[in-house]
Amino acid sequence: MRRIYYLFAICLCLGYGCQNNTTERYRVGQKDSANFTVFLSMLYPKEHLLVKVNDQIVLEKIGRDTTGSPTGEYYFHYPEPIKKIEVTSRYQQKVFLNKLFIDTLTDVAQRTVAISRPFPKGMTKTNYKPYGYVPIDSSDRHVTLLNDAVYYKGTWVY
C-alpha cells in the first residue's frame, strides 16, 4: 500500500511540473529575442490574469500582495505566426476584463500588449485626477496592442 502512495505522489509531482512548463516555455529573458511582450502595471490581491496567444497560455499571474501586486514586463518568443491574443482577468469567479485581438498586427516582428493600471470608471484624459487604490468593482483597465516598431520609433536602444 505504501508503494502505491509513493507512486501516486511521484505522478502528482511530475504532472505539476509539466503543467508549469506549458505556461513558461515561450518565455525569454530579453526583449531582443522576443516577438511578444506583456506589460502589466498592477494586479489586485487574488486577481487571476491569463494571457493566451493562439489559444495557448503564455502568461498566468495571480495577485498576491494585500494592497496589489506590482508587476512588470514579460518577454516571449512565440514560434508560430500570432493571429489571436486574448487577455482575461478574473476575480472571485467573475470576469472583469476580457479583451480579444484577432488578425491584428500579424505581420509585425515585435508587438506589446499593455495592460493599464486600474483607474476609476468613467475617467478620461479630460477629467483625469491623481488617484490612489481603486476597488476592483469600481475600476476599469485599458488593454492596448502596440506595434513596437512604430511605438518605440526614435527611442534610443543601448
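Expressed as a whole percentage, what fraction of the accessible surface of the stretch 23-147 belongs to carbon and sulfur atoms when a 1.4 Å probe is rolled over the protein heavy atoms? Could you put the intermediate results ahead of the total?
Details: 3570 of 7210 Å².
Exposed carbon and sulfur together represent 50 percent of the surface.
Give me the accessible area per residue for the stretch 33-158, probe 1.4 Å, as a whole number in Å².
Numbers: 7780 Å² over 126 residues.
So the stretch 33-158 comes to 62 Å² accessible per residue, rounded to a whole number.
Short version: ³J(HN,Hα) in whole Hz for each residue of the stretch 117-123, in order, from phi by Karplus 6.51 cos²θ - 1.76 cosθ + 1.60 (θ = phi - 60°), x for Gly and Pro, what are they?
In residue order, the calculated couplings are 5, x, 9, x, 4, x, 6 Hz.
Rg and Dmax of the stretch 82-125 over Cα atoms: what are they, in angstrom?
For the stretch 82-125, the Cα radius of gyration and maximum Cα-Cα distance read 13.4, 37 Å.
What percent do you get for the relative contact order of the stretch 23-147 when only Cα pairs under 8 Å and 6+ apart count? Intermediate results must be reported in sequence, preceding the final value.
On the way: 255 pairs, mean separation 32.8, N = 125.
For the stretch 23-147, the relative contact order is 26 percent.
Can you pull the Kirkwood radius for the stretch 23-147, inverse mean 1/r over Cα pairs, to one decimal in Å?
On the way: mean 1/r = 0.0656 Å⁻¹.
Evaluated over the stretch 23-147, this radius sits at 15.2 Å.
Could you name the lysines in cross-link range of Lys94, using Cα to Cα under 24 Å and dropping any fewer than eight places away on the same chain?
Straight-line reach from Lys94, under 24 Å: Lys46, Lys52, Lys61, Lys84, Lys121.
Report the Stokes-Einstein translational diffusion coefficient (µm² s⁻¹, integer) for the stretch 80-158, Rh taken as the Kirkwood radius over Cα pairs, at 10 °C with viscosity 1.306 mPa s. Write out the running numbers ahead of the final one.
On the way: Rh = 15.0 Å.
The calculation lands on 106 µm²/s.
The values are calculated or read from the model by the stated rules, or taken from the named source; none is laboratory data. Just so you know, these numbers come straight off a predicted model, no measurement behind them. For accessibility, only protein heavy atoms count, side chains too; no ligands or nucleic acids. Shrake-Rupley method; radii C 1.70, N 1.55, O 1.52, S 1.80 Å.
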